[in-house]
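Note sheet for the following structure.
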Amino acid sequence: MSLASAHDSQAPASALKVGDWDVDAIANRLSRDDQSTRLEPKVIEVLVYLARHAGSVVGREELLQAVWPGVIVGDDALTQAIIKLRKAFGDDARQPTYIETISKRGYRLIAPVRTAAPEPQAARLPSPPAAPTRRPRLGFVVAATALVAIAAVLVLAPETATRQGVAGGSLEVGSEATERPTLAVLPLSNQSGDAQRDYFSDGVTYEIINALGRFSGLSVISPHSIEQFTARAPSPKAIKSELGARYFVTGSVREAEGQLRVTVELSDAEKGVVLWSDRYDGAGGDLFEIRDRIVKDIVGKLAVKVTRLEEQRAAAKLPENLEAYDLVLRARALLRKSDRVANRQARALLDRALQLAPDYAQAWLEYATAERQRSIFGWTEDPTASLQRAEQFAQRVLALDDPGSQAQAHGLLGVVYAIAGKFEQALMEADRAIELNPNDASAFDSRGSTLLYLGRTDEALAALQTALRFNPAGRGAGGGSDHALAYYTLQRYRESVAAADTALARYPDIAFLHAIRAAALARLGDQDAAREAAAQVLRLDPFSRASDYGTRFAKPEHQAHLQDGLRKAGL
């Protein structure tokens with residue numbers, strides 16, 4: 001069959017052949033000889049649509065409308081589908097033999113397309129469905145939020161992706177080893193007393209969904225799927241059965257005369273209990289600017305809360321039930337202890353996770369964090385080698401198809417390069433992390449660390465405070481030392497002591513925290529307390545010297561400032 005006529009045949013799904021590969025769109029598989037690759041349903045739909053138009057350029061907009069009818073997704077959804085197809089085919093984007101990118105236009109399938117003998121009608125591949133009629137309220141959403149909200153790819157949970165027909169993230173659909181929690185954000189109710197303002201509360205709902213979609217650890221139900229709940233309040237059981245969601249968010253928006261209040265509740269769909277709630281107020285200035293700030297705050301805190309809940313769920317599982325996803329959650333919780341033994345245990349769990357899922361981006365990311373910890377806190381005989389492994393593992397994340405994890409990988413690389421003295425490269429990575437996910441506490445935490453080493457301390461403190469606002473527990477991989485050090489560098493010694501005390505309440509065995517506290521107390525003239533803090537440093541690290549500290553600062557005066565304070569404390 002010629003390339004030009006392939007799309008007219010409406011070939012049976014199981015009979016379609018692209019190049020050397022057989023395409024089974026019913027089972028979502030490509031096969032060749034003894035090779036078989038399972039792809040997500042939407043990725044297969046992209047391939048079939050291109051095959052039906054083989055030899056012709058298919059525009060990006062046409063593909064998006066054909067494969068995701070009635071669903072608002074970012075361009076990245078299509079880009080990731082093409083990447084996955086090329087990976088499955090072993091194709092090279094620069095010298096393609098299967099899919100050619102036509103700059104600023106779209107894609108063209110250039111491989112031969114053939115069909116076998118027709119199969120029974122039941123096996124035939126249906127044409128892409130027409131876009132369903134959209135309800136009026138979501139129509140307003142597109143117009144109201146087009147400038148700010150169409151950036152993130154919306155994904156469904158593995159357990160619902162096939163049923164709902166929305167592309168998932170980088171993890172294989174239905175993979176039990178890496179199953180992520182599913183979150184449904186139900187339409188926030190308009191409490192403004194004016195039905196004409198429905199579009200505003202819809203806009204807030206839409207932006208929360210899009211922003212949460214940037215987190216690789218979450219699967220978020222698309223706006224199209226939750227639209228049915230605009231006119232009815234479903235029970236938790238209905239949310240679980242109809243959407244397959246493990247958690248759901250409800251809330252309300254009240255806005256009038258420049259005043260805005262947003263309330264949100266996070267609930268467990270299976271147990272029907274509220275897990276967390278909060279209220280956000282904004283006043284003055286531009287109403288849409290207030291909305292954006294509140295949404296950013298909500299998203300950052302929600303992502304952290306769901307992560308904590310998932311870690312607790314994993315910890316409650318029996319050992320024989322552990323799989324890659326749960327192993328990574330346990331490892332992440334151990335790494336937040338900032339303890340040598342916990343670090344070793346976390347690495348053992350991550351080894352097991354990577355045996356189950358070798359391309360699991362979050363596992364490599366946590367391993368990079370573990371190696372960074374070992375290097376920073378001196379839990380290894382070769383800190384340089386650990387830092388190099390952290391860089392290597394983070395770079396591996398960037399090579400994997402997981403945009404959500406890539407933001408965190410860029411942030412971690414920023415810290416690694418700052419420690420290594422590659423300051424310009426460090427700042428580029430830190431900025432890239434925030435660009436990819438401006439709602440991620442870990443990205444802000446990493447950017448704050450990078451700026452701190454660079455000597456841009458005011459900016460560093462602002463980033464660290466944003467991370468702390470998203471994650472009030474403040475249990476980052478650095479153990480809270482960056483906050484205390486930033487205040488010390490700014491000569492805000494009382495705040496430095498307070499930050500160190502807060503962190504030490506959680507991590508009493510981090511020598512660096514005691515060192516910062518000792519230097520700050522010495523600067524305040526409390527010599528007895530300073531010497532006591534210095535003694536704690538030596539208890540934890542008997543060979544510690546003042547000259548060991550501050551060596552990663554780009555500015556010599558910041559290094560000297562810290563070391564002089566430690567000498568005043570008697571170290």
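The values are calculated or read from the model by the stated rules, or taken from the named source; none is laboratory data. Only a predicted model underlies this, so the values are computations on that prediction, with no experimental measurement involved. Here Cβ is always computed from backbone atoms with ideal geometry, including for glycine, and neighbour counts include all displayed protein chains. Note: areas computed on protein heavy atoms with side chains; ligands, DNA, RNA excluded. Shrake-Rupley method; radii C 1.70, N 1.55, O 1.52, S 1.80 Å.
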Give all pairs with beta carbons closer than 9 Å in which a residue from region 31-47 that is assigned to a loop (DSSP other than H, G, I, E, B) meets a residue that is modelled with pLDDT under 85 and open to solvent by 60 Å² or more (accessible area, probe 1.4 Å); count only pairs at least 6 apart in sequence or on separate chains.
L39/R29; L39/E172; E40/T162; E40/E172
Answer yes or no: is there a residue in region 415-424 that is open to solvent by 50 Å² or more (accessible area, probe 1.4 Å), part of a helix (DSSP H, G or I), hydrophobic (A, V, I, L, M, F, W, C) and over 22 Å from R344 (Cα atoms).
yes
Answer with yes or no whether E435 is over 17 Å from R347 (Cα atoms) and charged (D, E, K, R).
yes
Does T263 satisfy the criteria of being of a type in the set (V, I, T), modelled with pLDDT of 80 or more and either out of contact with any Cys (no Cβ under 6 Å at 6 or more places or on another chain) or under 26 Å from D402 (Cα atoms) (or both)?
yes
Do you know which residues across region 494-535 are small (G, A, S), in a helix (DSSP H, G or I), modelled with pLDDT of 90 or more and out of contact with any helix residue (DSSP H, G or I) (no Cβ under 6 Å at 6 or more places or on another chain)?
A498, A535
Hey, does region 375-395 have a residue that's farther than 25 Å from G550 by Cα and open to solvent by less than 50 Å² (accessible area, probe 1.4 Å)?
yes
Looking at H483, H558 in this structure, which one is under 17 Å from G455 (Cβ atoms) and either of a type in the set (G, A, S) or touching a Leu at 6+ places or on another chain (Cβ under 6 Å) (or both)?
H483
How many residues, within region 343-363, are of a type outside the set (D, E, K, R), outside any helix (DSSP H, G or I) and either surrounded by fewer than 23 Cβ atoms within 10 Å (Cβ to Cβ) or touching a strand residue (DSSP E or B) at 6+ places or on another chain (Cβ under 7 Å) (or both)?
2
The residue from E366, E371, E429 that alone is at pLDDT 85 or above, touching a His at 6+ places or on another chain (Cβ under 6 Å), surrounded by 23 or more Cβ atoms within 10 Å (Cβ to Cβ) and not polar (S, T, N, Q) is E429
Verdict on R469 being at pLDDT 85 or above, open to solvent by 10 Å² or more (accessible area, probe 1.4 Å) and of a type in the set (K, R)
no
For region 536-571, how many residues meet the condition of being touching a helix residue (DSSP H, G or I) at 6+ places or on another chain (Cβ under 7 Å), in a helix (DSSP H, G or I), hydrophobic (A, V, I, L, M, F, W, C) and open to solvent by 30 Å² or more (accessible area, probe 1.4 Å)?
1
Qualifying position, being within 30 Å of I376 (Cβ to Cβ) and modelled with pLDDT under 65, among Q345, Q355, Q312
Q312
Please count how many residues of region 230-263 are in a helix (DSSP H, G or I) and surrounded by fewer than 24 Cβ atoms within 10 Å (Cβ to Cβ).
6
Of all residues being touching a residue at least 12 places away in the same chain (Cβ under 8 Å) and part of a loop (DSSP other than H, G, I, E, B) in region 379-401, which is farthest from the chain's Cα centre (by Cα)? Just the residue, please.
W379
